[in-house]
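Student: Have a look at the structure that comes next, please.
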Amino acid sequence: MKPTAALILFCAVACSTFAQTAARPSEDKDLPIWRPQQVLKFDDDTLHIKATVPKEMIASLRVSDVTIRLEEDSELEALPARFGGEIGSQGDASESLGWLCLHGVDAKGPWVLWLESGEIDGPYVGAFLWRRGSHSSRFDDRCAALPDTSKVELPIDLGLGASEAKVIQTLGRPSSRKGDILFYKHEHNESIRGETFTSSNTVVVALRHGVVHAIAVSKTTIN
């Protein structure tokens, strides 16, 4: 949580939560993978999804032996020294997005992970997108290749390849659904130095052929 979030302008507040998980730059399919890829097309309906999840769902992840706590203690610029790769950036002011692209492989095939920091996050990682690749996926040299022993772990029992039934069992009924895209949104108020802030946690799960193909997560604290 960052007290500096008090300085964020209204437009950033209005676009924060799902804008970071949905309105990513799209990837040209003819280019090697490096930029974050869209989970869905961002629209006004996405902004106004009601928070229905009673408690925070995913506020951290573990990559190999490194724990990354969203919006707290993991500065994006410091991560290439640990994982390799190159920081990417796009946009200005409230539309700015920085990312680090990592990729690896597990028993089911390649995967790619983007650790992301928007303007509202300051220097910290505030969101991530983890998705399945294919055996024909090509990766840009700026997207760091992790050892085969590396894996991504979430603080809940959920991962790529999980069934839709497993998603519902773990996260419950989604706040909204568009086809094979499940939206989960949680909000709560908290006090920081005498000021009231709203903490939001969103999880977007994309299904393909009935199993999890991608998971996008964002955590923001605003007033």
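Only the coordinates and a few stated rules stand behind these numbers; no lab work does. All figures in this text were calculated on a predicted structure; none of them were measured in a lab. Using ideal geometry, Cβ is built from the backbone for each residue, glycine included, and neighbour counts are taken over all protein chains shown.
Student: Give me a comma-separated list of calculated 3J(HN,Hα) values for the stretch 69-75, in order, Karplus coefficients 6.51, -1.76, 1.60 applied at θ = phi - 60°, integers in Hz, x for any Gly or Pro.
Tutor: Each residue's phi maps through the Karplus curve to give 9, 4, 6, 10, 10, 10, 7 Hz.
Student: Between LYS108 and LYS151, what length in nm is gained on full extension when 0.36 nm per residue of separation is reduced by their alpha carbon distance?
Tutor: Length gained, LYS108 through LYS151: 14.3 nm.
Student: Roughly how big is the stretch 49-138's charge dipole about its Cα centre, with Cβ charges of +1 (Lys, Arg) and -1 (Asp, Glu), in debye to the nearest 20?
Tutor: The dipole magnitude comes to about 660 debye.
Student: Around THR52, with a cut-off of 9 angstrom between Cβ atoms, what is the net charge of the other residues, counting Lys and Arg +1 and Asp and Glu -1?
Tutor: Taking every Cβ under 9 Å from that of THR52, the sum is +3.
Student: Would you please give the residues with an amide H less than 5 Å from that of TRP34, counting only those at least 5 places away or on a separate chain, with H modeled from the backbone geometry?
Tutor: ASP140
Student: Another one. For the stretch 212-219, just list the computed ³J(HN,Hα) in residue order, Karplus coefficients 6.51, -1.76 and 1.60, θ = phi - 60°, integers in Hz, with x standing in for Gly and Pro.
Tutor: 5, 9, 8, 10, 10, 10, 9, 9
Student: If you plug each phi of the stretch 185-190 into the Karplus form 6.51 cos²θ - 1.76 cosθ + 1.60 with θ = phi - 60°, what whole-Hz ³J(HN,Hα) values come out, in order, with x for Gly and Pro?
Tutor: 9, 10, 9, 8, 9, 8
Student: Under a plain spin-label model, where a point goes 7 Å from the Cα along Cα-to-Cβ, how far apart in nm are SER89 and GLU72?
Tutor: 2.7 nm
Student: Collect residues whose amide H, placed 1.01 Å from N in the peptide plane, falls under 5 Å from the amide H of ALA162; neighbours closer than 5 in sequence don't count.
Tutor: Long-range HN contacts for ALA162: VAL212.
Student: Once amide H atoms are placed 1.01 Å from N in the peptide plane, what residues at a sequence separation of 5 or more from GLY118, or on another chain, have their amide H within under 5 Å of its amide H?
Tutor: Here GLY98, GLY126 satisfy the definition.
Student: Checking the table LYS178/LYS219; LYS151/LYS178; LYS50/LYS108; LYS108/LYS185 against a 27 Å threshold on Cα-Cα, which pairs fail?
Tutor: Over 27 Å Cα-Cα: LYS151/LYS178; LYS50/LYS108; LYS108/LYS185.
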